[in-house]
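In what follows, a structure is listed as structure tokens, so that the remarks can point back to it.
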Amino acid sequence: MKNKVSIVKVNEFGIEAAVRKAIDLAGGLKKIITPSSQVLIKPNVCHPEPPGRGGVTDCRVTEAVTRIVQELGPNSVIIGEGSAAGYDWGGSHSTEEAFRVSGTADVARRLGVELRNLNIDRFEEVTVKNPYVMDKVRIAKTALESDVIIDIPVLKTHGRCLITLSLKNMKGVLSGAEKRKTHRLGLDKAIADLNSVVKVSFVVVDALTVREGLGEYPKNMVKLGLILAGADRVAVDTVGTCLMGFDPARIMHLQYFAERQGVKADLSQVEVVGESLEENKQSFSSSLETFKKRFPEVSVLEGMSTCTGCYGELLGALAAIKAHSDGNALNELTVVLGNPEPSEVKFTDRTVLLGKCPEKMADLGGTHIKGCPPMCDDIIRAICVISGVDADALIESRNQARQQSWEETRHLLE
Ligand code: SF4
């Protein structure tokens, strides 16, 4: 049987009515929530940002979902999140600040629900069976002790994963150190490992106002006015990915997780109910497309097999080189991703071939960087070599900036 995913448009009856309809169309919560249920509601409040701008889950969606859950009379309800702790994007992020600015703290107060900062939760180390990259993972006890988790991501593009939906949103239940580790190990595989030990019962996607491209406010904001819902994470993320106009086959963490579950992340496995997916489909620009515009000095050539693994590592590498060198290291650089035809590639001493996909062309010229995907620091080193930049100094400078950002929020994790 196909998994149902609903798409509902917000109309004159408002956001709560749309959330109720989306949940009902996707099968409802009555069979999931019982009087003994301990429910964790997990919005995406990864950094402090006001609601209605697409950066974090709109608190009105969180409020609607929480009300619906409360009406079913569970034993307990907690709204929980552990925000990004400033590691990736800098700044003084904190979960409490994110709860306050996003309006989530007001929702919890209004509804009499506990709000829990998962970054300072108790943690338990859980063993991942047949892991891709994380054999053990430290997870907030609140998530492990909840028998129902309702995942409320906001739909948007993402620099390292191409998109972020329900699977990526679960990173919030990791300890701060583990959040950091997932980037080092490879985010896509780590997300698949994490989701294989955290059981999500239902997903409601905030697709009211979302972000495309590099997710910058306000220029990358898109108003969709939609709510998606479903009980199956793979199905919901597949529909959400298609709604943005991307092919689910390119979303590595979704593909890895689906493979682990023995299912396919593709529309043939999903029954879309409510609004038509085709009629609401968008054509979002990816972070990379936006990035290309920001790095006009770099030519990026993509073949069909290009996926988020190489995308993500390249984005990190180019950003670090731009930020921590004199800016000339990227001039006239050509980066080859995936498997374009060799005839499409102009091989010079400033051509870089990324990863396993273009490996067969390695003999034709340029610099080949091994891996699937190659690691960010290996890409930095290769580009530094051909540009005459001291790679060790550049990486050290990048690490210091990261460490400073990390230190600013360390107190939240202790
Ligand atoms: S080398 Fe691996 S990570 Fe890179 S595009 Fe090919 S399949 Fe994806």
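The values are calculated or read from the model by the stated rules, or taken from the named source; none is laboratory data. Just so it is clear, the model here is predicted, and its values are computed rather than measured. Neighbour counts run over all protein chains shown; Cβ positions are idealised from the backbone, glycine included.
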Exercise for the section: Could you look through the range 327-340, keep only residues that are buried (at least 16 other Cβ atoms within 10 Å of the Cβ) and over 16 Å from Ser305 (Cβ atoms), and pick out the one that is farthest from the ligand (Cβ to nearest atom)? Expected result: Ala329
Handout entry: Contacts under 7 angstrom Cβ, first residue in the range 242-257 being without any contact (Cβ under 8 Å) to a residue 40 or more places away in the chain and more than 14 Å from Tyr311 (Cβ to Cβ), partner crowded, with 20+ Cβ neighbours inside 10 Å and of a type in the set (Phe, Trp, Tyr), 6 or more apart
Key = Gly245/Phe284
Problem - Among (1) outside the structural domain of Asp390 (by TED's automatic domain parsing); (2) within 16 Å of the ligand (Cβ to nearest atom); (3) of a type outside the set (Gly, Ala, Ser); (4) in contact with a Gly (Cβ under 8 Å, 6 or more places away or on another chain) - the single one Glu259 does not satisfy - result: (4)
Practice task
Please enumerate the residues belonging to the range 134-159 that are buried (at least 24 other Cβ atoms within 10 Å of the Cβ) and among the charged types (D, E, K, R).
Solution key: Asp151, Lys156
Exercise for the section: Would you check if there is a residue in the range 9-25 being touching a strand residue (DSSP E or B) at 6+ places or on another chain (Cβ under 8 Å), in the same structural domain as Leu115 (by TED's automatic domain parsing) and part of a strand (DSSP E or B)? Expected result: yes
Handout entry: Among the residues listed as Ala323, Ala393, Ala401, Ala317, the single one being part of a helix (DSSP H, G or I) and within 15 Å of the ligand (Cβ to nearest atom)
Key = Ala317
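In the list Gly112, Gly80, Gly103, which residue meets the criterion of being in contact with a helix residue (DSSP H, G or I) (Cβ under 7 Å, 6 or more places away or on another chain) and surrounded by fewer than 23 Cβ atoms within 10 Å (Cβ to Cβ)? Even if it seems obvious, please write down each step before you answer.
On the way: Gly112 fails: in contact with a helix residue (DSSP H, G or I) (Cβ under 7 Å, 6 or more places away or on another chain); Gly80 fails: surrounded by fewer than 23 Cβ atoms within 10 Å (Cβ to Cβ).
When all the criteria are applied, what remains is Gly103.
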Exercise for the section: Search the range 361-404 for residues being surrounded by 19 or more Cβ atoms within 10 Å (Cβ to Cβ), of a type outside the set (A, V, I, L, M, F, W, C) and modelled with pLDDT under 95, and hand back the single one that is farthest from Thr308 (Cα to Cα). Expected result: Arg398
Fill in the blank from the handout: Turns out the helices (runs of 4 or more DSSP H) fully within the range 122-224 with at least 3 residues that are of a type in the set (Val, Ile, Thr) and within 30 Å of Glu275 (Cβ to Cβ) are none
Problem - Top-ranked residue of the range 341-360 - restricted to ones that are within 12 Å of the ligand (Cβ to nearest atom) and assigned to a strand (DSSP E or B), ranked as surrounded by the most Cβ atoms within 10 Å (Cβ to Cβ) - result: Leu354
Handout entry: Search result, residues across the range 351-396 that are closer than 13 Å to Ala317 by Cα and small (Gly, Ala, Ser)
Key = Ala382, Ala391
Completion exercise
Gly309 meets each of (1) over 18 Å from Ser166 (Cβ atoms); (2) in a helix (DSSP H, G or I); (3) away from the ligand (no atom under 16 Å from the Cβ); (4) in contact with a helix residue (DSSP H, G or I) (Cβ under 7 Å, 6 or more places away or on another chain) with one exception, condition (3)
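So how many residues does the range 361-380 have that are on the phi < 0 side of the Ramachandran plot, more than 10 Å from the ligand (Cβ to nearest atom) and either touching a helix residue (DSSP H, G or I) at 6+ places or on another chain (Cβ under 9 Å) or in contact (Cβ under 8 Å) with a residue 12 or more places away in the chain (or both)? I'd like the intermediate steps shown before the answer.
Filtering the range 361-380 down to residues on the phi < 0 side of the Ramachandran plot leaves 361-364, 367-370, 372-380.
When the remaining residues are screened for being more than 10 Å from the ligand (Cβ to nearest atom), the result is 361-364, 367-368, 375-380.
Remaining after also requiring either touching a helix residue (DSSP H, G or I) at 6+ places or on another chain (Cβ under 9 Å) or in contact (Cβ under 8 Å) with a residue 12 or more places away in the chain (or both): 361, 364, 367-368, 375-380.
Matching residues across the range 361-380 total 10.
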